[in-house]
Amino acid sequence: MNPSPTPTPTPTPDDSHYLHGSSPAEQDRLAKMNEMMNGLALKEMALRVGESVLDVGSGLGQLTRGMARQVGSGTKVVGIERSDDQLREARRFAAKAGETALVDFRQGDANALPLKPEEWGTFDVAHTRFVLEHVRDPLGVVNQMVQAVRPGGRIILEDDAHDIFRVWPVSPGFDRIWNNYIRTYDRVGNDPIVGHRLVSLLHQAGALPQRNTWLFFGACAGQPELFHTCVENIVGILLGVREPILKLGDFEEISFDRCIASFREWGQRPDAAMWYGISWVEGLRGSQ
């Protein structure tokens, strides 16, 4: 028996503080990042045919459509995205792939999920990736996700802990610019290391944490195509927050641009390597 429907709360003004915007350059970066990461994420999810899925912060929809392919046609898959620009592109990508019917893409806020009263407490899986780091109230988002799944349903959280990113040999000025990037998060009330808190967030939301792991991403100069994609992804991230970093006062325009140029030069070194891990946590909704 499903629990009583949970009413959709009133959205909190300015709760989302997504630093990177939705310019064509940022959408191109995100699309390439999805191509690099989605296979590993889908493998870790181990979705079963017939499972209904709620994807919170579906972005360009590439991962959401991957989930829909795993659970099979005719199964309910809902993608929630706050940005009109991202949602428009998600629908365009889906149409281009002939997969318009796979996902019900909806505009809405992660803290006020646009679900119908009868949909609350019915999903088999609720998932989010790279969302909790961009909201002031990540626990509010996780609370909503727990309420959206059925008793025994899975809640999957994927997010960043930016302090664990490493490159070697260190590019001149890179540690400094990366630390400034991290500071741009807390300046707007976001948590740049929310990945460390995922188990705690599940517990606080009343879910039962089941698994805590990393999705490891690494590359070196000996993997030229993958490594170039990783380097340019980092460059795209930093260029996307150029103005917030400059406002911190630790960089002038010329020093920022030199640091970016140095990192691109570093990417040509035969001994260059980088390591990164995405925090991954899975829990269950209890029987209540």
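Among the residues of segment 67-80, is there at least one that is within 29 Å of L139 (Cα to Cα) and in contact (Cβ under 8 Å) with a residue 60 or more places away in the chain? There is at least one residue in segment 67-80 that is within 29 Å of L139 (Cα to Cα) and in contact (Cβ under 8 Å) with a residue 60 or more places away in the chain. When restricted to residues that are touching a Ser or Thr at 6+ places or on another chain (Cβ under 8 Å), in a helix (DSSP H, G or I) and of a type outside the set (V, I, T), segment 118-143 contains 2. Checking the structure you have, find out if any residue of segment 29-38 is surrounded by 13 or more Cβ atoms within 10 Å (Cβ to Cβ), part of a strand (DSSP E or B) and either at pLDDT 70 or above or in contact with a Lys or Arg (Cβ under 6 Å, 6 or more places away or on another chain) (or both). No: zero hits.
Could you say whether any residue in segment 232-253 is out of contact with any helix residue (DSSP H, G or I) (no Cβ under 9 Å at 6 or more places or on another chain) and within 21 Å of M274 (Cβ to Cβ)? Reasoning before the result, please.
Step one: of segment 232-253, the residues out of contact with any helix residue (DSSP H, G or I) (no Cβ under 9 Å at 6 or more places or on another chain) are 243, 249.
Next cut, within 21 Å of M274 (Cβ to Cβ) only: none.
No, segment 232-253 contains no residue that is out of contact with any helix residue (DSSP H, G or I) (no Cβ under 9 Å at 6 or more places or on another chain) and within 21 Å of M274 (Cβ to Cβ).
Can we say C230 is in contact with a Gly (Cβ under 8 Å, 6 or more places away or on another chain), surrounded by 13 or more Cβ atoms within 10 Å (Cβ to Cβ) and either closer than 30 Å to I155 by Cβ or of a type outside the set (K, R) (or both)?
Numbers: in contact with a Gly (Cβ under 8 Å, 6 or more places away or on another chain): no; surrounded by 13 or more Cβ atoms within 10 Å (Cβ to Cβ): yes; either closer than 30 Å to I155 by Cβ or of a type outside the set (K, R) (or both): yes.
When the stated conditions are applied, C230 does not pass them.
Look at S255 and say whether it is touching a residue at least 12 places away in the same chain (Cβ under 8 Å), among the small types (G, A, S), loosely packed, with under 15 Cβ neighbours inside 10 Å and under 18 Å from G173 (Cβ atoms). Yes: the conditions hold for S255.
The values are calculated or read from the model by the stated rules, or taken from the named source; none is laboratory data. Not measured: the values here are computed from a predicted model. Every residue, glycine among them, receives a Cβ derived from its backbone with ideal geometry; neighbour counts consider all protein chains shown.
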